[in-house]
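Worksheet: the structure to be examined is printed underneath.
The values are calculated or read from the model by the stated rules, or taken from the named source; none is laboratory data. For clarity, every value in this text was computed on a predicted model and none was experimentally measured. Positions of Cβ are backbone-derived with ideal geometry, glycine not excepted, and every protein chain shown enters the neighbour counts. The accessibility values were calculated without ligands, DNA or RNA, using every heavy atom of the protein model including side chains. Shrake-Rupley method; radii C 1.70, N 1.55, O 1.52, S 1.80 Å.
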Amino acid sequence: MVVFMRYFTFKQFVGCIAVFLCAPLSHATVGGKAYVELLGYEVRDQKLYLLKHSEDASGRLPQLYYFDFKSAQPDHLVTVESIYPKNSNGEIDHFSDGNDIAFERELKKIKRRLKKLYPINPNIFQIHIKKEETVQVPAWAEPEKTMPEYRYDYTVQNRAYQSQVQQAVSYAPNLEVKQAFRIPKQDRIVVTVEYLGFPDETMYTDEDTIILSK
């Protein structure tokens with residue numbers, strides 16, 4: 001009887017350890033980085049199109065956006081919903097289960113109208129921090145512990161061009177200009193800024209798209 005109880009207790013202990021070790025692994029396939037694909041510029045409507053991709057396990061289709069340079073807010077990112085299928089309730093369905101073919105067909109129609117952007121060395125741009133705040137937030141998977149969260153107000157600029165003030169929340173004290181392009185027939189530049197924007201697991205990068213003007 002004593003031998004049985006010892007064996008049973010050991011099994012329980014091993015089971016608990018297994019559950020503990022496997023729990024983070026089960027989350028490991030959920031997270032993923034987000035990144036920007038700059039598609040091109042539509043000259044007639046003066047719109048710059050881009051896709052925001054997510055490499056998590058949600059199966060979500062990339063989100064299409066554009067900047068409208070004819071609008072009163074040319075540096076404001078506009079979300080496109082018209083090319084996404086709708087579900088039985090008439091709501092926009094952003095998930096790729098059976099919807100990716102229709103989505104890609106509509107996306108190709110837009111891409112055919114776009115002019116290519118002119119790449120620029122991103123290293124010629126500087127990030128100027130206007131305001132920085134560091135706060136402690138619950139750590140991923142260990143909410144009883146804390147981790148630093150860095151909140152920034154910043155601009156991106158070089159000698160001739162500058163952005164409006166941007167905001168970012170990062171989980172490492174670093175912002176980096178990742179991509180830079182000159183826009184055809186516009187006196188504007190588009191850049192992307194990368195940072196650790198997702199605290200899940202080992203942390204994943206996020207990427208924001210920013211317009212610079214003279």
Query raised in the report: Restricted to segment 167-214, and to residues that are open to solvent by 30 Å² or more (accessible area, probe 1.4 Å) and of a type in the set (A, V, I, L, M), which residue is nearest to LYS131 (Cα to Cα)?
Result: VAL169
Query raised in the report: Among the residues of segment 58-74, how many are open to solvent by 70 Å² or more (accessible area, probe 1.4 Å) and in contact (Cβ under 8 Å) with a residue 24 or more places away in the chain?
Result: 2
Report task. Give the number of residues within segment 77-91 that are surrounded by 11 or more Cβ atoms within 10 Å (Cβ to Cβ) and either touching a Lys or Arg at 6+ places or on another chain (Cβ under 6 Å) or at pLDDT 95 or above (or both). Result -> 3
Query raised in the report: How about segment 141-167: which of its residues are in a loop (DSSP other than H, G, I, E, B) and more than 17 Å from ASP208 (Cα to Cα)?
Result: ALA141, ASN158, ARG159, ALA160, TYR161
